[in-house]
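The block underneath contains the structure these notes are about, expressed in structure tokens.
The values are calculated or read from the model by the stated rules, or taken from the named source; none is laboratory data. What you see is a predicted model; the values in this text were computed from it and never measured. Here the Cβ positions follow ideal geometry from the backbone for every residue, glycine too, while neighbour counts run over all protein chains shown. Protein only, heavy atoms only, side chains kept; ligands, DNA and RNA dropped before computing areas. Shrake-Rupley method; radii C 1.70, N 1.55, O 1.52, S 1.80 Å.
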There are 2 protein chains.
Amino acid sequence: MIIDCHGHYTTAPKELQVYRDAQIAGLTDPLRAASKGTVNISDDQIRDSLEKAQLKLQRERGTDVTIFSPRASAMAHHIGDATTSLHWSQHCNDLIARVCALYPDNFVGVCQLPQTPGEPLANCVAELERCVTGLGFIGCNLNPDPSGGHWTAPPLTDRYWYPFYEKMVDLDVPAMVHVSASCNPNFHATGAHYINADTTAFMQFLAADLFKDFPTLRFIIPHGGGAVPYHWGRYRGLAQDMKRPPLDELVRNNVFFDTCVYHLAGIELLLKIVPLGNILFGSEMVGAVRGIDPETGQFFDDTKRYVDAVATLSPEDKQQIFEGNARKVYPRINRLLKGRSGG
Amino acid sequence: MIIDCHGHYTTAPKELQVYRDAQIAGLTDPLRAASKGTVNISDDQIRDSLEKAQLKLQRERGTDVTIFSPRASAMAHHIGDATTSLHWSQHCNDLIARVCALYPDNFVGVCQLPQTPGEPLANCVAELERCVTGLGFIGCNLNPDPSGGHWTAPPLTDRYWYPFYEKMVDLDVPAMVHVSASCNPNFHATGAHYINADTTAFMQFLAADLFKDFPTLRFIIPHGGGAVPYHWGRYRGLAQDMKRPPLDELVRNNVFFDTCVYHLAGIELLLKIVPLGNILFGSEMVGAVRGIDPETGQFFDDTKRYVDAVATLSPEDKQQIFEGNARKVYPRINRLLKGRSGG
């Protein structure tokens, strides 16, 4: 079985954006109390949005299940206030739950969190609990920079985040560290902000004792870990200079990278450098890069081809990357897959 | 000849920091007018600070000339105002000039710029001119984020920077894109802020037409280009999706990467992916990582060993990386090297 740990619902029917646009428009009207409202999308619209995109690509590429979450760039935690973020997150998560109910063999849910700059995490704790225990989700996307490129939140190792981590540990679900849109003109979202956040989070983990406080807390750093595998020597050296544990020890049970790296040489480096137990297959499809690579004639984000092309991997290695590690990091997936045709 | 394009005076005598501490202390005294003051360092102190560090390492590693600039993390453009930054930059640059005068065979100068958040670049234009025409420097370090981790400046492709670029073109000198210390607790300086800035700058260059306006403008993106070579497929795909020129065309005459990547696998990726004409040997010594890699028994930042270990490079390729490209990107070095013993 091949589990893609990183997919977003980037192809949601346009009615979702209609809702969001109206919600944002309402923010400028001081007389209008924020109401949750409704998102009017039919099951047929959902099917249509997936059949010609994610489901088609799953079939073509030979992957089975996608760990699926709302569109990351649309989370936009910097817009509005805590109520804005709560309503928007709940609608987005409910839509993911409907996707998973319609295609239980193909999708497993991961939730967006109702984060807001400067606000406590109580809403996030409640929404995680609702999604995991109520909707059958297996994880969440945690935004280390809800300000959208201004980086005003405390580092991920700060006690600000601890109430949320307690709930993650309690529910035994991991978080993918994933920023959203950038409202800072310095940072292109998918070309700079995403990658910078990955690199930043890793260095925060390296510098603090978070995993002493939470030995079972698990993070997936997407996009192949940002710059980290390419600069593995730098990080090994910094850890040593700072008298921190070696990187293998730091990551072992707590920090995982996906394979969203869109060329063979990058994937080869990732697989050569990072311990195999810490790599989860992911493609981010349909996502950041949508075109076909003229050098290969294949989609840039068809990352399964790159992993398949690495000759040094044994079948057991590939099984770990394609399935075993995802089952370990997202243990709640095991119960769900048991009842499914691919399980 | 082996030219190291990336070295900072991280071992300057402590009197430099004494000056800086007094300057910063003076900022809190509203009655004290800012005066430039003096930095009291003897030639013998300079010799001593280099003989046991950079010069020793040059000899041991077999490199000849270092393109040398003030300590990057100490530029700290976010401290004080434009006058603070001007005085500090002038002192730091004058010290580099003294280093180059004492060891003309070993060091060539690159200047720090008196940047200040929100201020125009007139002081930077003047200081660049002073350093290049007066002190014989061959380039500068340009900080894309003088706020120190808050990223409040316009992108490097914004017209804000154009007066400075005009002077760079006029003098035919390149800039290394180099941030300084981070005052944002999210960003470890050498482990996150530096690498993020490299990635960010590249994506800014990719997204705009800066090099149409300045066809001879040249930037060196240090630390192996941040995350860029590892994510080369992502950037090729983004460029294609955004209908931008292919990356080879983008970088050809304008964007260069150094070899400050501290493990062999990373250097192998860099040399495999980035056009050879766009790679300059650099080590950042004595800099971000000071220890010895227990896996190799050698210094992490002895990057010459990694380049030497890449079997696919011909002698001509190595000559480009070690010397030819630096002579092309920093053309003012040619006249200087002619009169030197290694030239």
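Ranking B:L128, A:L16 from most to least accessible surface, computed with a 1.4 Å probe over the protein chains only, gives A:L16, B:L128.
Taking every residue in B:178-185 and counting other chain Cβ atoms within 10 Å of its Cβ, the average works out to 2. Taking the protein heavy atoms of the range A:24-154 in the context of the full set of protein chains, the accessible area attributed to carbon and sulfur is 53 percent at 1.4 Å.
Interface size between chain B and chain A, please: total buried accessible area, 1.4 Å probe, rounded to the nearest 100 Å². Buried surface at the B/A interface: approximately 4600 Å². Looking at the range B:5-109, which trypsin sites (Lys or Arg not before Pro) are in a loop (DSSP not H, G, I, E or B) and have at most 13 other Cβ atoms within 10 Å? Passing sites in the range B:5-109 are B:R32, B:K36, B:K52. Working from label points 7 Å from Cα in the Cα-to-Cβ sense, the A:M242 to B:A22 distance is 3.4 nm. What you get for the range B:202-343, charging only the Cβ of Lys and Arg (+1) and of Asp and Glu (-1), is a dipole of about 580 debye around the Cα centre.
These residues, B:D317, B:D198, go from largest to smallest accessible area, 1.4 Å probe, as B:D317, B:D198.
Based on protein heavy atoms only, the range B:1-160 ends up with 38 Å² per residue of surface accessible to a 1.4 Å probe.
Sorted from shortest to longest, the distances between the B:T38 label points of this copy and the other copies are 8.2 nm, with each point 7 Å from Cα along the line through the beta carbon.
Within a Cβ distance under 13 Å of A:F300, other residues only, what is the Lys/Arg minus Asp/Glu net charge? That sum, taken over residues with Cβ under 13 Å, equals 0.
Computed on chain A, with alpha-carbon pairs under 8 angstrom and 6+ residues apart, the relative contact order is 18 percent.
Neighbouring Cβ atoms from other chains, within 10 Å of the Cβ of residues in B:164-173, number 0 on average. By a 1.4 Å probe calculation restricted to protein chains, B:S73 has an accessible surface near 40 Å², given to the nearest 10.
In this model, which of A:K212/A:K243; B:K304/B:K338; B:K272/B:K304; A:K56/A:K304; A:K14/A:K304; A:K272/B:K272 are farther than 20 Å apart at the alpha-carbon? Flagged as over cut-off: B:K304/B:K338; A:K14/A:K304. With every protein chain left in place, what is the accessible area of A:V132 in Å² (1.4 Å probe, nearest 10)? Approximately 10 Å² of A:V132 is accessible to the 1.4 Å probe.
A DSSP coil position with no more than 12 other Cβ atoms inside 10 Å describes the following trypsin sites (Lys or Arg not before Pro) in the range B:197-306: B:K243.
For the segment A:330-338, counting C-beta atoms of other chains within 10 Å of every residue's C-beta and taking the mean gives 0. Computed over chain A, the per-residue total of -39500 (n - 2.57) for DSSP H runs of n ≥ 4 gives a 222 nm mean residue ellipticity of -11000 deg cm²/dmol, rounded to 500. With the dipole of the protein assembly as shown worked out from charges on the C-beta (+1 for Lys and Arg, -1 for Asp and Glu) around the Cα centre, which of B:N186, B:A53, B:L271 lies farthest toward the positive end? Result: B:L271. Distances between copies at B:R98, taken between label points 7 Å from Cα along the C-beta direction, are 7.2 nm in increasing order. Here the protein assembly as shown is assigned +1 on the Cβ of each Lys and Arg and -1 on the Cβ of each Asp and Glu. Its dipole about the Cα centre then comes out at about 280 debye. With label points defined 7 Å past Cα in the direction of Cβ, position B:Q319 shows copy-to-copy spacings of 5.4 nm, given to one decimal and shortest first.
Charge dipole (Cα centre; +1 on Lys/Arg Cβ, -1 on Asp/Glu Cβ; no other charges) of chain A amounts to roughly 320 debye. Under the simplified labelling scheme, the A:R47-A:E60 pair shows an inter-label distance of 2.2 nm, with each label point 7 Å from Cα along Cα→Cβ. Considering only A:T259, A:W232, A:S283, and ranking their Cα positions along the charge dipole of the range A:220-301 that arises from unit charges at the beta-carbon of Lys, Arg, Asp and Glu, the one farthest toward the positive end is A:W232. Ordered by solvent-accessible area of protein heavy atoms (1.4 Å probe), largest first, the residues B:L50, A:L250 come out as A:L250, B:L50.
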